[in-house]
Amino acid sequence: TPEPSVFATGATVLVNDNDVPLRSAPGTDAQTVATLSAGTELTVVGTPVDAGGHTWVPVTDPETGTIGYIRIEFVTT
């Protein structure tokens with residue numbers, strides 16, 4: 001798992017797996033706002049947060065404008 005400090009606001013990250021849920025809030029109970037495929041580019045929009053035993057990175061999908069949270073292990077810098 002990467003260190004949260006490498007996820008600076010404005011950084012571009014890539015989804016590293018298929019069928020990855022983008023959540024409306026940090027946590028596995030939060031609503032899924034999008035399901036992402038490997039290779040999807042996202043832009044970090046804030047500081048990673050810890051919730052429910054996972055670290056979540058707030059991101060936006062520049063193609064769709066969708067904003068949400070993704071578990072840190074599903075993105076690479």
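Restricting Thr55, Thr28 to those that are in contact with an Asp or Glu (Cβ under 9 Å, 6 or more places away or on another chain) and either acidic (Asp, Glu) or not in a helix (DSSP H, G or I) (or both) reduces the list to Thr55.
Per-residue answers, yes or no, for (1) more than 11 Å from the chain's Cα centre (by Cα); (2) of a type outside the set (Phe, Trp, Tyr):
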position: Thr28; (1), (2): yes, yes
position: Ala38; (1), (2): yes, yes
position: Val44; (1), (2): no, yes
position: Pro48; (1), (2): no, yes
position: Gly52; (1), (2): yes, yes
position: Val57; (1), (2): no, yes
position: Glu63; (1), (2): yes, yes
position: Tyr69; (1), (2): no, no
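With respect to being assigned to a strand (DSSP E or B), in contact with a strand residue (DSSP E or B) (Cβ under 9 Å, 6 or more places away or on another chain), modelled with pLDDT of 95 or more and open to solvent by less than 20 Å² (accessible area, probe 1.4 Å), Leu14 falls outside the description.
Looking only at residues in the range 35-76 that are open to solvent by 20 Å² or more (accessible area, probe 1.4 Å) and among the hydrophobic types (A, V, I, L, M, F, W, C), the one that is nearest to Asn18 (Cα to Cα) is Ala38.
The values are calculated or read from the model by the stated rules, or taken from the named source; none is laboratory data. Note that the structure is predicted; figures quoted are calculated from it, not measured. Backbone-built Cβ (ideal geometry, glycine too); neighbour counts: all protein chains shown. With ligands, DNA and RNA removed, areas are computed over all heavy atoms of the protein, side chains included. Shrake-Rupley method; radii C 1.70, N 1.55, O 1.52, S 1.80 Å.
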